[in-house]
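Take a look at the structure set out below.
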Amino acid sequence: MVQKLIEKFKELYGGEGEIRRYFAPGRVNLIGEHTDYNGGHVFPCALTIGTYGIVRSRGDRKLRFYSVNFEKLGVIETSLDDLVPSKEAGWTNYPKGVMWAFEKRGMKLSHGLDVLIYGDIPNGSGLSSSASLEVLTGLILKETYGFDVSMVDIALIGQDSENNFNGCNCGIMDQFASAMGKKDNAIFLDTNTLKYEYAPVVLEDAKIVITNSKVKHSLVDSAYNDRRNECEQALKELQKEVDIQTLGDLTEEEFEAHKDAIGSEVCRKRAKHAVYENQRAIRAVEALKAGEIETFGELMNASHVSLRDDYEVSCEEIDILVDLAWKIPGVIGSRITGGGFGGCTVSIVKNDAVDTFIDSIGRAYQEKVGHEAEFYVVEIGDGGHVI
Ligand code: GLA
């Protein structure tokens, strides 16, 4: 596949000069949702699907981008002197945003690039195609210009570009998972301190199955930024009573004791989710380490209920998928994953129930919703790397 991309690259841009190749993965979050901008814990893992980049340095300041996923757009030409967001720039706002964020940190890009991109993450599925493109770009810049940045720096730079160039106020989880992923491990990350630990995901007789509702979400246009503001509001009100820096500092008991400090019912529900979900993520990792996979599954299910009822980031189609999954014997746990308002569910399914899971949910979903769902039985892969 990479060979084909290189051939396409040469066809578009000519065959001379050194061509380099890179990959950065998408991610699925197992538990700890909407906690990463609330100083809580997350537990994502990198996937083996992601975004590929084929790159060659240029002698001038031109940037030429081509995406195999958006063939109709052809080669998009711009320059290092035009690193400003624009509607017309479309998908190239992501790599341009990362370039802008490097330059902002004093890492000047001395020459332009020819770039070909190909991603095998379904767009808008909530599996972080944009974060993988950001991490990929960070890696390309680090390697091409020899910048002294770590993979954690690349994740932070990616988040900065997403927040301040592309207008989505996301947390650090997606970029961190794409940059720091490790094969067969999930990352237990404290988003408050960026301390992390790898936890092996050993599911002897089970698989991780992602189900794509094929309802596209758009984080920028969606209520994502509203959720963030509601949590900030709740935190401000709680801080009048308790000495905390983030919602992640509270236990469930402390939250219950002080929740009346939050004036609005909606903000109270949002904060409740953030506090309880953080504690669920901590407990889930303990359960996984202890080999208590059933407990892990129950915590995933509880996470879904909280995201559905208190955080209100699910939607009808996703609830249908999760309800169907919960009824199938051999399903250990199932929940919405990612930013929400569509996208995917993540389920842990016993090996011998995987076929039934796909067949029966596939059929019932089509009947109820009127379009197909897609299923991916996934492997946990490594973070961004040079190929
Ligand atoms: C999106 C954001 C992440 C995180 C999740 C919800 O994927 O990019 O930072 O907030 O939603 O957990």
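The values are calculated or read from the model by the stated rules, or taken from the named source; none is laboratory data. All values reported here derive from a predicted model rather than from experimental measurement. For neighbour counting, all protein chains shown are included, and Cβ atoms are generated from backbone atoms with ideal geometry for every residue, glycine included.
Filter the stretch 215-230 down to the residues that are modelled with pLDDT under 85 and within 11 Å of the ligand (Cβ to nearest atom), then identify the one that is surrounded by the fewest Cβ atoms within 10 Å (Cβ to Cβ). Out of the qualifying residues, it is VAL220. Would you call SER347 among the polar types (S, T, N, Q) and within 16 Å of the ligand (Cβ to nearest atom)? Criteria not met by SER347. In the stretch 152-181, the residue that is farthest from the chain's Cα centre (by Cα) out of those that are among the hydrophobic types (A, V, I, L, M, F, W, C) and more than 12 Å from the ligand (Cβ to nearest atom) is PHE165. Would you be able to say whether some residue in the stretch 332-349 is of a type in the set (Phe, Trp, Tyr) and either assigned to a strand (DSSP E or B) or crowded, with 23+ Cβ neighbours inside 10 Å (or both)? No.
If the condition is being within 16 Å of the ligand (Cβ to nearest atom), β-branched (Val, Ile, Thr) and over 15 Å from GLY297 (Cα atoms), then the stretch 308-344 contributes VAL313, ILE318. On the stretch given as the stretch 182-214, residues that are crowded, with 21+ Cβ neighbours inside 10 Å, farther than 18 Å from ILE121 by Cα and more than 10 Å from the ligand (Cβ to nearest atom) total 5. For the stretch 121-151, a residue qualifies if it is more than 15 Å from the ligand (Cβ to nearest atom) and not hydroxyl-bearing (Ser, Thr, Tyr), and the qualifying residues are LEU136, GLY138, LEU139, ILE140, LEU141, LYS142, GLU143, GLY146, PHE147, ASP148, VAL149, MET151. Only helices (runs of 4 or more DSSP H) whose full extent lies in the stretch 249-328 are considered here, and the ones with at least 2 residues that are in contact with a strand residue (DSSP E or B) (Cβ under 9 Å, 6 or more places away or on another chain) and closer than 20 Å to VAL28 by Cβ are 265-289, 293-309, 316-326.
So SER86 passes all but one of these: (1) polar (S, T, N, Q); (2) touching a Gly at 6+ places or on another chain (Cβ under 9 Å); (3) without any contact (Cβ under 8 Å) to a residue 12 or more places away in the chain. Which condition number does it fail? Only one criterion is unmet by SER86, namely (2). Any residue that is in contact with a Phe, Trp or Tyr (Cβ under 7 Å, 6 or more places away or on another chain), within 16 Å of the ligand (Cβ to nearest atom) and not in a loop (DSSP other than H, G, I, E, B) - is there at least one of those in the stretch 41-48? Yes, the stretch 41-48 has at least one match.
Conditions tested, residue by residue: (1) surrounded by fewer than 19 Cβ atoms within 10 Å (Cβ to Cβ); (2) assigned to a loop (DSSP other than H, G, I, E, B); (3) within 16 Å of the ligand (Cβ to nearest atom).
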residue	(1), (2), (3)
ILE6	yes, no, no
GLY50	no, no, yes
PRO85	yes, yes, no
TYR94	no, no, yes
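Based on this model, can you work out whether VAL98 counts as crowded, with 24+ Cβ neighbours inside 10 Å, aliphatic (A, V, I, L, M) and touching an Asp or Glu at 6+ places or on another chain (Cβ under 8 Å)? Yes: the conditions hold for VAL98.
Scanning the stretch 59-83 for residues that are in contact (Cβ under 8 Å) with a residue 40 or more places away in the chain, among the acidic types (Asp, Glu) and assigned to a helix (DSSP H, G or I) yields a count of 0.
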